[in-house]
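Written below as structure tokens is the structure these notes are about.
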Amino acid sequence: MRLDKFVSSQRNDISRSMVRELCRKGQVTVNGKVAKAADAKVSENDIVAVKGVEICYKKFVYIMMNKPQGVVCSTRDGESKTVLELVPPEMFREGLFPAGRLDKDTEGLLLLTDDGPLAHELLSPKKHVDKVYFARVEGMLEQSDAAALAAGLTLGDGLECLPADLEILEGGSCCRITLREGKYHQVKRMLAARGKPVTYLKRLSMGPLALDPALKPGEWRPLTVPEQG
Ligand code: URA
């Protein structure tokens, strides 16, 4: 890969033309030697530094976010703040997107990445990755609701849901619900179909990835290496 591409792909704040300028000023080193040309070839194993600050090459970025309410998951929105706007510039990359959307008023686990194949693994309907949510509802959940979800609900519009697990919490006002698919507004639609509209919803996990309880709404952290699988 060219040196200017290497640097600009890893540092959102340094464009390729800036790399050329930095090379002219002798401020870029490769394996400790001043790089003269921005089109020099480098590999992922080379140690590249700009103004003495080493660039750790990462092919993809993985960010775990506790999505707050009031923020949308689309990559662009004229009116509302997007989850991408919560990512600090030094973590931002072209191609970063939320893998698995949450509604504007839903909180909780969101993975932001530029790794298309990983996102596909998590999101493909064929993979049936478990998604676990905490929900608070109007009214009281009963064992008959859990039984109906376990049997597989059919919604008013004919959508046939796969069997889902419902664990009743706090005497019936809340639940933990596990889906193996991710249709539009699915948790809200399923619980509304049982006459228990959702008043608060939070995603707790997606497959093996669980929301870090230390992250407050709006906070994020990079995924650890074991979490990246
Ligand atoms: N189900 C919903 O209804 N909303 C979400 O944001 C996620 C799952």
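In the assembled protein chains, residue 91 presents an accessible area of approximately 40 Å² (probe radius 1.4 Å).
Counting 0.36 nm for each residue step from residue 21 to residue 36 and taking away their Cα separation leaves a gain of 4.4 nm.
For region 134-198, what is the convex hull volume of its Cα atoms per residue in Å³?
Numbers: hull volume 4.5 nm³, N = 65.
Each residue corresponds to 69 Å³ of Cα convex hull volume.
Which log10 I(q)/I(0) values does region 1-116 give at q = 0.09, 0.18 Å⁻¹ under the Debye formula, counting every alpha carbon as one identical point scatterer? So the normalised log intensities are -0.32, -0.85. Between 42, 132, 72, the residue with the greatest mean-square fluctuation in the GNM of the chain (Cα pairs under 10 Å linked by springs) is 42. Shown is the FRET efficiency for residue 221 and residue 123, computed with R0 = 30 Å from the Cβ-Cβ distance and rounded to the nearest 0.05: 0.90.
Which entries of 5/67; 5/131; 51/81; 58/131; 131/216; 5/183 show an alpha-carbon separation above 29 angstrom in the structure shown? Walk me through the intermediate numbers first.
On the way: 5/67 31 Å; 5/131 37 Å; 51/81 34 Å; 58/131 27 Å; 131/216 20 Å; 5/183 38 Å.
Pairs exceeding 29 Å: 5/67; 5/131; 51/81; 5/183.
Just the number, please: carbon plus sulfur as a percent of the accessible area of the chain, 1.4 Å probe, no ligands or DNA/RNA counted. Summing carbon and sulfur atoms, their accessible area is 53 percent of the total for the chain. The antiparallel fraction among DSSP beta bridges confined to the chain stands at about 95%. The separation of region 163-229 from region 67-117, counted between C-alpha centres, amounts to 17 Å. Under the shape rule built on the C-alpha gyration tensor, where the axes satisfy a ≥ b ≥ c, region 1-45 is oblate, since a/c reaches at least 1.5 while a/b does not exceed b/c.
For region 77-150, the direction-averaged projected area of the alpha-carbon convex hull comes to 7.4 nm². Only helices enter this figure: runs of n ≥ 4 DSSP H residues, each worth -39500 (n - 2.57), summed and divided by the residues of the chain, yield -5000 deg cm²/dmol at 222 nm to the nearest 500. Rounded, prolate or oblate: pick one for region 111-158, where a ≥ b ≥ c are the square roots of the eigenvalues of its C-alpha gyration tensor, a/c under 1.5 means rounded, and failing that, prolate if a/b is larger than b/c, else oblate. Judged from the Cα gyration tensor, region 111-158 comes out prolate (a/c at least 1.5, a/b above b/c). The share of C-alpha pairs in region 91-229 whose separation exceeds 25 Å stands at 28 percent.
The values are calculated or read from the model by the stated rules, or taken from the named source; none is laboratory data. Worth saying up front: this structure is predicted, and the values here are computed from it rather than measured. In this analysis, Cβ positions are derived from the backbone assuming ideal geometry, glycine residues included, and neighbour counts consider all displayed protein chains. Keep in mind that these areas ignore ligands, DNA and RNA; they rest on the heavy atoms of the full protein, side chains included. Shrake-Rupley method; radii C 1.70, N 1.55, O 1.52, S 1.80 Å.
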